[in-house]
1. Just want to confirm a number: the relative contact order over the range 3-313, from Cα pairs under 8 angstrom separated by 6+ residues, in percent.
2. For the residues 150, 30, what sequence is obtained by ranking on other C-beta atoms within 10 Å, fewest first?
3. Among the DSSP beta bridges whose two residues both lie in the range 3-313, what percent are antiparallel, rounded to the nearest 5?
4. Distance from a point 7 Å along Cα→Cβ of residue 281 to each backbone N in the range 230-269: keep the residues under 14 Å and list them by number.
5. Using helices alone, I'd like the mean residue ellipticity at 222 nm for the chain: each DSSP H run of four-plus residues gives -39500 (n - 2.57), total over residue count, nearest 500.
6. Multiply the residue separation of residue 271 and residue 311 by 0.36 nm, subtract the distance between their alpha-carbon atoms, and state the gained length in nm to one decimal.
7. Using Cβ contacts closer than 10 Å as the measure, can you line up 132, 289 from fewest to most?
8. Running a GNM on the chain with Cα contacts under 10 Å, which residue among 83, 284, 141 ends up with the highest mean-square fluctuation?
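Just so it is clear, none of the values below were taken in a lab; they were calculated from the coordinates. The structure displayed is predicted, hence computed values, not measured ones. Every residue, glycine among them, receives a Cβ derived from its backbone with ideal geometry; neighbour counts consider all protein chains shown.
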Ligand code: NAD
Ligand code: UDP
């Protein structure tokens, strides 16, 4: 069994990853400063002997011995990462330097949760890993996009300079239970609005596209990438290639919840990418991975989660 560090482990993706690793019997240390999550996401793991939670800010060094490190710490939704953009950039960059430092010292494999945002508002569609992206360096999304791009640079320089064992995944929009209800992401916003019978807030005309991956599929991709030999370092796109417009997503959620909500149009935020769809040929080839959960199936589970959450609060 391995000793595994998960930074950002009490967040949406991190909590699912910790749960999976703990159930396999690994010794898991979850580091999180609870900036965008609370401990409730990992509460059910606290009684497990092979799980430990430590409140720590990853912009500060941490010392420990690990076989593997998953670096997920970073606010991920526009609402959260724009709240304190300087801290967002620091988290990506100082966080990367700190986890890479541990990996360099201990020989651990280190996984970086990078993002489709490194492609910015893409001029190539669908996006493949060889595309360098179209990112505004001074816009309101830049703290996240450029922070993640620089983290990738650090990962590859540590690999070239110090032979650090790296794995870089570029994650596309992912959804599922334990998404933060107030982080403004489209799936959680629309489900909550539909369940409450409130207006569904379409930004722009709703013709922009995204491709939504269910969380279980994504975590299986993380584990497959981490298990590859040292020759596979990425970056590798992980996401669901089935693309939907935001209006189509809204209509599916209204149907699945039998909601009476109406669609309303609000201004499109600046730098909002017009289309996004992963090319996952590399993940298919190197990891034998592709997503299995259909949007409707995943939405039903996510709707169930938010329905229970809303009922527990009322
Ligand atoms: P999340 O906000 O739920 O989780 C992020 C976690 O990191 C939170 O628990 C937060 O408290 C913690 N954190 C933030 N700053 C920290 C710091 N300085 N020190 C320690 N902990 C800190 O977001 P998520 O959706 O679970 O995303 C996890 C990772 O995956 C992020 O790095 C994100 O950029 C990446 N990602 C997610 C998606 C997605 O669709 N969910 C897409 C692309 C990339
Ligand atoms: N969006 C929307 N209504 C909302 C929240 C988001 O129309 O209430 C749109 C948003 O403008 C973007 C897409 O949905 O085009 C996905 O937004 P999200 O914040 O989930 O992720 P990202 O933009 O980072 O892909």
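1. The value is 17 percent.
2. Ordered by Cβ neighbours within 10 Å, fewest first: 150, 30.
3. The antiparallel proportion sits near 10 percent.
4. Counting backbone N atoms under 14 Å from the label point, the list is 237.
5. Mean residue ellipticity at 222 nm (helix-derived): -12000 deg cm²/dmol.
6. Contour length minus the Cα-Cα distance gives 10.8 nm.
7. In increasing order of surrounding Cβ atoms, one gets 132, 289.
8. Looking only at 83, 284, 141, the largest GNM fluctuation is found for 83.
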